[in-house]
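I have placed the structure first, in the form of structure tokens, so that the comments after it can refer back to it.
Each value in this text was obtained by applying a stated rule to the coordinates, not by laboratory testing. Keep in mind that this is a model prediction, so the values were computed, not measured. When we count neighbours, we look across all protein chains shown, and the Cβ atoms used for this are built from the backbone with ideal geometry, even at glycine.
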Amino acid sequence: MIVPVDKKYGFRYITDDSQACDARSAFFLTQLNARYLNDAKAHGCTNIIKAEAVSKILGIENIKIIGITGTNGKTTTAAALYSILLDLGHKVALQGTRGYFINDERVQEKGLTTPTIFETMKNIQDAINEGCEYFIMEVSSHAIVQNRIDGLKFSLKIFTNVTHDHLDYHKSIEEYIAVKSSFFDDETPKLINKDDKKIQYNPKNCRTYGVENPATYKTLAYSLDEGIQVALAKIEKVHECHSPLHGFFNLYNILAAIGAADMLNIAPLDAICEAVENFMGVEGRMEVVSADPLIIVDFAHTPDGMEKVMDSLKEKKIVVVFGAGGDRDRNKRPKMGFIASKFAKKIMITSDNPRSEDPEMIIEEILMGIKQKTNLKVEPDRKKALQEALKWQEKDEVLLILGKGDETYQEIKGQKYPFDDRVIIKNELSSNNTQSAD
């Protein structure tokens, strides 16, 4: 990436690519590109700068940055806060798993949850140029470890939860929790899920939200029958909120977004709660693909994520289709199988994004967590699995397709092939309807 700058700095542009360096450039040195420093110098670059200097040159301190981290809920919480801010008349940018948005317009497609620090800084600069007051970003544990948030001054940090994930990278749950906790060890204003006891944080400038435990933003009562109805107390005053989202886990996401908006002092809490009603959710997160038959697609790909989604539908008879990603934490696979057997009436195990691994070996590890093998089918071909599940589903059952959400590809042996659960389901339903009409 190359970013032009004013010549008053003694160079004409900044880059984090050593191959793009020359005598007119400054090389943005980071943890990830440090091994290319000598190459940058060999290309004639004599200006070596780090994150704090780049932040000042690009003027990214002139915006309020909100960082959200946690195993689950980052994307929905970020999108909900983004929606609230827009509805209340503010200019805002959002960077995360779903891509990069400025003022309700997508300007970049999906990428890393947290891009390189240089890309993030360039996105912030673009947001400022578009008049944005706020920059909301998802912060992954990988980004924290790799210093991909260096040089950013956060106005607010939000914690959703910590569960079993990314242990292929962090090696242990303790290390993973420690990484997440490190994001909250300073005195930056922070909003913490009080019901998650694993995280450690600096209590200075901290507010909390919760359902089960006393918190700054405390749920007094709630209903999940038709969307989410919640009576929310802040100190002694009670506020009524309604969201069209479904599921107990989304109650937490909505609470976090409401609390964050309140901490940013953008509007009275009643107005914030009113704005929540306009947020319809995120593609691929509890997305209803068909109402009749009822078919829902969700991104859940961890034991905790699966449990939250399936528990929110526990009053229904569930037919679940899922797999597990290759080249990722293997320990979670039998746990995912156990969760499926705990909630589902029928289980279809298939392939997710196997990457370099053998899909059938991944499936075998999932099966280790399932003791009762009745009403269980295995089909490694995901398209065939979806077709078979549609035939298997009965009228009083919900078909729940987990793992890929709104992904539009399947990654196999280093290649990404076009694949979208929702498109396949809609095509199959359309084909079935046509055949029925004939």
With a cut-off of 20 Å, note down the residues of segment 54-81 whose backbone N falls inside the zone around a label point 7 Å from the Cα of ALA271 toward its beta carbon. 64, 80-81
Length added when fully stretched, GLU394-TYR9, from 0.36 nm per residue minus Cα-Cα: 131.8 nm
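Taking all pairs of different Cα atoms in the chain, averaging 1/r and flipping that mean, what Kirkwood radius in angstroms comes out? Walk me through the numbers before you get to the answer.
Working: mean 1/r = 0.0430 Å⁻¹.
Computed over Cα pairs of the chain, the Kirkwood hydrodynamic radius comes out at 23.2 Å.
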Using a Gaussian network model of the chain with C-alpha springs under 10 Å, which one of ALA257, ALA324, ALA385 is most mobile by mean-square fluctuation? ALA385
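Distance check, please: which entries in LYS371/LYS395; LYS180/LYS373; LYS91/LYS204 exceed 31 angstrom between their Cα atoms? Provide the component values of the computation, followed by the final result.
Numbers: LYS371/LYS395 27 Å; LYS180/LYS373 37 Å; LYS91/LYS204 29 Å.
The answer is LYS180/LYS373.
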Return the single residue from ALA79, ALA23, ALA127 with maximal mean-square fluctuation; model: Gaussian network over the chain, springs between Cα atoms under 10 Å. ALA23
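For segment 287-429, count all C-alpha to C-alpha pairs, find those more than 21 Å apart, and express that count as a whole percent of the total.
Working: 3428 of 10153 pairs.
Roughly 34 percent, rounded to a whole number.
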I'd like the trypsin sites (Lys or Arg not before Pro) in segment 381-426 restricted to DSSP loop residues with at most 16 other Cβ atoms within 10 Å, sorted by number. LYS395, LYS413
Within segment 90-116, whose backbone N sits under 13 Å from a point 7 Å along Cα→Cβ of GLN415? none
For GLU61 and LEU88, calculate 0.36 nm times their separation in residues minus their Cα-Cα distance, and state this gained length in nm to one decimal. 7.4 nm
Hey, what do the phi angles of segment 225-241 turn into as Karplus ³J(HN,Hα) couplings, whole Hz, using 6.51/-1.76/1.60 and θ = phi - 60°, x for Gly and Pro? 5, 10, x, 10, 10, 9, 9, 10, 10, 10, 6, 10, 8, 9, 10, 9, 10
Separation of the LYS384 and ASN432 label points, Cα + 7 Å toward Cβ, nm: 1.9
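Within the chain, what percent of beta bridges assigned by DSSP are antiparallel, to the nearest 5? Working shown, then result.
Details: 31 of 77 bridges.
Taking every DSSP beta bridge within the chain, about 40 percent pair in antiparallel fashion.
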Each label sits 7 Å from Cα toward the beta-carbon; between ASP104 and GLN229 the label points are separated, in nm, by 2.9
Select from segment 389-438 those GluC sites (Glu not before Pro) which occupy a DSSP coil region and have at most 11 other Cβ atoms within 10 Å, ordered by residue number. GLU394
Unmatched cysteines, the chain - criterion: no other Cβ of a Cys under 4.7 angstrom: CYS132, CYS206
